[in-house]
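The values are calculated or read from the model by the stated rules, or taken from the named source; none is laboratory data. No experiment lies behind these values; they were computed from the predicted model shown. Here the Cβ positions follow ideal geometry from the backbone for every residue, glycine too, while neighbour counts run over all protein chains shown. For the accessible areas, the whole protein counts, side chains as well, though only heavy atoms, and no ligand, DNA or RNA atoms are used. Shrake-Rupley method; radii C 1.70, N 1.55, O 1.52, S 1.80 Å.
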Amino acid sequence: MTLNILFAARPERWSCYEAPLRKALESAGLDATLGMDLPPAEVDYIIYAPDSPLQDFSSYTRAKAVLSLWAGVEKITHNETLKIPLTRMVDPGLTTGMVEWVTGHVLRYHLDLDTDILRSDSRWEPRTPPLAHERNVTVFGLGALGTAVAQSLATLGFNVAGWSRSPKTLSGITCHSGHEGLKSALAHSEIGVLLLPDTSETANIVNATTLSLMPKGAYIINPGRGTLIDDTALLAALDEGQIAHATLDVFRREPLPSGHPYWAHPKVTVTPHIAAATRTSTAAENIIQNIVRGETGKSFLHLVNRDLGY
Ligand code: NDP
Ligand code: OXD
């Protein structure tokens with residue numbers, strides 16, 4: 001039987017994904033019609049980006065799953081017209097990209113690289129930076145990305161803690177969880193990396209209270225989602241020196257509006273949601289493998305728990 005697979009993302013993404021998807025279909029030996037315009041009632045699977053124009057799934061009566069090209073699925077988890085399984089993107093390219101991006105920014109802060117890179121005063125001031133094992137880093141969110149980041153930082157020698165919803169045991173990482181673990185996780189965050197999803201539970205997790213529980217002069221790196229941070233509280237903590245600097249990749253509104261205080265703030269680095277990109281070839285293989293699982297009666301990988309919102 002020929003499967004009908006709809007590609008529902010912004011039209012310009014089709015040219016990036018079409019060839020890798022066709023190649024992955026061929027490798028998997030799947031006979032499929034793949035396209036951006038298929039009769040809804042005949043579609044078997046929907047490959048989906050949450051910024052796609054498709055928001056009403058009610059006419060896709062035959063579809064077996066929606067497979068998100070994004071890791072963050074907050075734009076779709078509450079869609080009431082979606083009644084079939086939803087999977088999210090877990091991709092080795094995405095993970096490696098996130099590890100490299102976070103490591104770069106952690107090392108920037110740890111080694112105080114800005115002092116030399118931005119120096120304009122011709123002063124010769126040798127200093128001895130701490131070693132990695134003397135630096136406490138907390139990764140908030142120990143999922144696909146946070147675990148890889150935490151383990152990689154621990155391999156570099158950092159003293160790494162992590163925080164998640166459910167309890168975890170990870171070699172080399174001090175794992176905290178839940179409300180009761182948050183205080184310890186914050187107290188350890190000389191550098192705090194936010195890799196939590198956007199859910200009702202995580203909204204404004206970085207607020208005036210939690211910021212005050214971080215060590216004075218802490219650094220924040222946020223490649224998770226903009227909603228994790230109460231922006232007013234962070235700006236106040238930066239101005240007071242409670243937080244020394246923040247690197248922010250994600251925002252409540254993207255693109256970050258030109259007049260936003262983050263752009264001009266001397267203690268903020270803004271990056272344009274580039275921490276990690278899904279790599280089309282590995283992502284296409286993952287998506288097609290999940291379709292193969294669906295067709296062979298296996299459970300889908302990376303299923304979203306719609307109640308939890310991630
Ligand atoms: P996962 O779903 O694999 O992991 C999420 C982690 O957050 C889990 O450890 C989970 O805990 C934890 N968590 C969720 N809710 C809570 C809570 N209430 N309290 C404590 N911990 C919580 O996601 P990924 O690692 O794949 O991705 C994380 C986020 O990164 C994405 O949701 C997305 O927003 C962002 N992202 C950003 C990119 C960028 O370029 N800037 C690129 C890709 C993703 P538990 O383990 O117990 O479930
Ligand atoms: C994602 C992202 O969720 O790029 O995949 O932020």
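Below are the figures for this structure:
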quantity: Any hit, region 261-281, residues being basic (Lys, Arg) and in contact with a Ser or Thr (Cβ under 8 Å, 6 or more places away or on another chain); calculated: no
quantity: Among residues of region 249-269, those that are open to solvent by 30 Å² or more (accessible area, probe 1.4 Å) and within 16 Å of ligand 2 (Cβ to nearest atom), counted; calculated: 4
quantity: Test: GLY309 is within 16 Å of ligand 2 (Cβ to nearest atom) and open to solvent by less than 20 Å² (accessible area, probe 1.4 Å); calculated: yes
quantity: Near pairs, Cβ below 6 angstrom, 6+ apart or cross-chain, from region 211-238 (at positive phi) to any residue that is more than 16 Å from ligand 1 (Cβ to nearest atom) and open to solvent by 10 Å² or more (accessible area, probe 1.4 Å); calculated: GLY217/ALA244
quantity: Subset of region 215-236 [under 17 Å from HIS188 (Cβ atoms), open to solvent by less than 50 Å² (accessible area, probe 1.4 Å) and more than 22 Å from the chain's Cα centre (by Cα)]; calculated: PRO215, GLY217
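Residues checked against (1) open to solvent by less than 30 Å² (accessible area, probe 1.4 Å); (2) basic (Lys, Arg):
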site: ALA150; (1), (2): yes, no
site: LEU156; (1), (2): no, no
site: GLY162; (1), (2): yes, no
site: ILE173; (1), (2): yes, no
site: SER177; (1), (2): yes, no
site: LYS183; (1), (2): no, yes
site: LEU186; (1), (2): yes, no
site: THR199; (1), (2): yes, no
